[in-house]
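Heads up: the structure comes next, in structure tokens.
The values are calculated or read from the model by the stated rules, or taken from the named source; none is laboratory data. Keep in mind it's a predicted model, so treat the numbers as computed, not measured. Cβ sites come from the backbone with ideal geometry, for glycine too, and all protein chains shown count toward neighbours. Just so you know, the surface numbers come from the protein's heavy atoms only, side chains and all, with ligands and any DNA or RNA stripped out. Shrake-Rupley method; radii C 1.70, N 1.55, O 1.52, S 1.80 Å.
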Amino acid sequence: MNQKGAWSFLRLAIMAVILGINTHHAGASAALIVDGVPVAAIAEERLTRIKYYAKFPALAIKTVLEMANLDFKDIDYVAVGRDDSANTFKKAEYVLKNPGKLLSLLKIRSQRTELDDIKTLLERECGANPADLRFEQVNVEHHLAHIASAYFISPWEHAAGFSVDGSGDFVTAMLAECEGNQINIKERVYLPHSLGFFYTMICEFIGYRKYGDEGKVMGLAPYGTDAYHDIFEQMVTLTDTGFELNPDFFVPFGSQSNITILDNGSMEVATLYSDKMRELFGDPRDPKNEILQRDMDLAYGMQATFEKVYMHLLNKLHKLVPTDRVVMAGGGALNSVANGKLFHETPFRHTAIQPAAGDDGLAMGAALYVSQSILGDGPRWEINDAYFGPEFSESEIKSSLDREKIEYKKLDREQLLEVTAQDIADGKVVGWYQGRSEWGPRALGNRSILANPNRDDMKDILNARIKRREWFRPFAPAVLAEKQSEVFEGDHPSPFMLHVYKIRENWRDKLPAVNHVDNTGRLQTVSRNENPLYYDLISRFEQKTGIPVVLNTSFNENEPIVNTPDEAVDCYQRTKMDTLVIGNFFCQKINGDV
Ligand SMILES: [Fe+2]
């Protein structure tokens, strides 16, 4: 019996194959759970090469099936991270209050219904044979899928559940109690009151209009001051039920489609700020123009207000679910600055956040919800690392290098660690491509560019040669797990780079390339059982320099993170990266001894 045959036989005897998808929404993605265990996951953007790709995740679906050596006929359930039938009462209530918006909401609804016919989409977009599609489709409400994505990766049997973002299924935040294999929803915050849209509106006003720019602007906030405190107080009000946005600052809700999916699958965000913003602050910043103090102060107010609402919701959640453990997801949970502060500003002491905390994670969340809450699919599974993406063989890597006539040396593990650590110590910019790709928006040591954080000029070097990022955006430190508390003030682990902590005073001078203006770093805690090779590389760097930290940024150049060896080699070729370490192959642009 071949491997696939044996697999199928075993499956008959045990449990289910669940394909999770996030479709026709930002961060289209697919995840596969086999017999209760997530085995593969990838966002469509990695395959289409279009950031935040938002149509049907056809390539991602094929990829996860291939990775598990399964076919469409093997799928028992398709879990979709959206449920149009959810919250209909609130939608109807809104329409009754705003009859003028009925047409646009009906239009959105009819498009959605069409998109929910997954069998037809699989046939049309993936070439699946309709006779093979025997699965049952389960739609899971957006924020429930978010919370499931966080809870069912945690080791806990009881936790508070929190999700916050722009919106999904008419809801912008959800508070829940997670117990056993159930998630009991306690509260929802409904549109138009959206913490995500508030953040996006300010980003747009200060010239960051692209979908997903919010994460960039977070880095600008510490350059600003609290100059607009009183205005931000008017913009967002805390309430017993959550928070409310002041409609005066926003275009009328429902008057437009806030987000449009373009033909190529990219996203376009409509203008969200009202004339009142212009009256108060003047013209919005043209992206071509310099960033002024006004813009920095707006960024400050935006982040401060976000944190105020975030902590308010978390404190409210704690009253409903008194525990010190919280599982968190939604685009808001990517706010690593707020995540770093919540340990001091709320009673929660432990967080579980999966690496794809944003909407790409809905694929995994919906699938986990079906697996755990609906099917009770075996014992709980706990995440160990973020490496759910594809891996390429040595021969595939070698072909990519040979095709481009790149000189390389094939090294054993020990040699590879030695020369790579030495290159990083010497101030080289090193492309590091190993094993399976990361799930979620962060490179975590398998599709990374690594550099020496001790070099004053490294941030400028990286920006000039490869990244060309905005001047205010910091680069991130990856630290050996057991050295985290020595270097950073926060000690809660941050394996997926989702917490920002202060760097301890005695380390700030040693880490200039990753020390942000407010003496913080968005760290990745690296433990040996998550990624032994990456851990050993940082250890070797520490042996050479005394610094248990490397600078880690994503392996890309203004594009989604590289997926294939070809893309890694292309990025190495067209940028001024010094070294490429891809699998066991070591390549240097400058002729030096390896
Ligand atoms: Fe979301």
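Quick notes on this one:
Results for (1) out of contact with any helix residue (DSSP H, G or I) (no Cβ under 9 Å at 6 or more places or on another chain); (2) in contact (Cβ under 8 Å) with a residue 12 or more places away in the chain; (3) buried (at least 22 other Cβ atoms within 10 Å of the Cβ), shown as yes or no for each residue.
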position	(1), (2), (3)
453	yes, yes, yes
458	yes, yes, no
463	yes, no, no
470	no, yes, no
473	no, yes, no
491	no, no, no
496	yes, yes, yes
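- Identity of the residue in region 458-478, part of a loop (DSSP other than H, G, I, E, B) and within 15 Å of residue 517 (Cα to Cα), that ends up modelled with the lowest pLDDT: 470
- Some residue of region 415-422 being assigned to a loop (DSSP other than H, G, I, E, B) and among the aliphatic types (A, V, I, L, M): no
- Filter result for the condition that a residue is open to solvent by less than 10 Å² (accessible area, probe 1.4 Å) and farther than 14 Å from residue 466 by Cα, over 548, 512, 532: 548
- Single condition residue 257 does not satisfy, out of (1) open to solvent by 30 Å² or more (accessible area, probe 1.4 Å); (2) closer than 30 Å to residue 181 by Cβ; (3) among the polar types (S, T, N, Q): (2)
- Some residue of region 499-507 being in a loop (DSSP other than H, G, I, E, B), farther than 19 Å from residue 555 by Cβ and open to solvent by less than 40 Å² (accessible area, probe 1.4 Å): no
- Candidate set: region 454-473, residues that are of a type outside the set (D, E, K, R) and more than 22 Å from residue 562 (Cβ to Cβ); chosen: the one farthest from the chain's Cα centre (by Cα): 454
- Residue, nearest to the ligand (Cβ to nearest atom), within region 139-193, restricted to residues that are among the charged types (D, E, K, R) and part of a loop (DSSP other than H, G, I, E, B): 169
- Taken residue by residue, region 381-390 has no member that is under 14 Å from residue 498 (Cα atoms) and within 16 Å of the ligand (Cβ to nearest atom).
- On inspection, residue 249 passes the criterion of being away from the ligand (no atom under 16 Å from the Cβ), among the hydrophobic types (A, V, I, L, M, F, W, C) and either modelled with pLDDT of 95 or more or in contact with an Asp or Glu (Cβ under 6 Å, 6 or more places away or on another chain) (or both).
- Hey, residue 357 within 21 Å of the chain's Cα centre (by Cα), part of a loop (DSSP other than H, G, I, E, B), buried (at least 24 other Cβ atoms within 10 Å of the Cβ) and within 15 Å of the ligand (Cβ to nearest atom) or not: yes
- Index of the failed condition, residue 195 passing every other in (1) closer than 22 Å to residue 372 by Cβ; (2) among the aliphatic types (A, V, I, L, M); (3) crowded, with 24+ Cβ neighbours inside 10 Å: (1)
- For region 508-551, filtered to residues that are without any contact (Cβ under 8 Å) to a residue 60 or more places away in the chain and part of a strand (DSSP E or B), the residue that is farthest from residue 481 (Cα to Cα) is 521.
- For region 364-380, a residue qualifies if it is in a helix (DSSP H, G or I) and either more than 12 Å from the ligand (Cβ to nearest atom) or surrounded by fewer than 24 Cβ atoms within 10 Å (Cβ to Cβ) (or both), and the qualifying residues are 364, 367, 368, 369, 370, 371, 372, 373, 374.
- Taking residues in region 196-219 that are over 22 Å from residue 474 (Cβ atoms), and partners anywhere that are within 14 Å of the ligand (Cβ to nearest atom) and part of a helix (DSSP H, G or I), the pairs with Cβ atoms closer than 7 Å and at least 6 places apart or on different chains are 196/331; 196/332.
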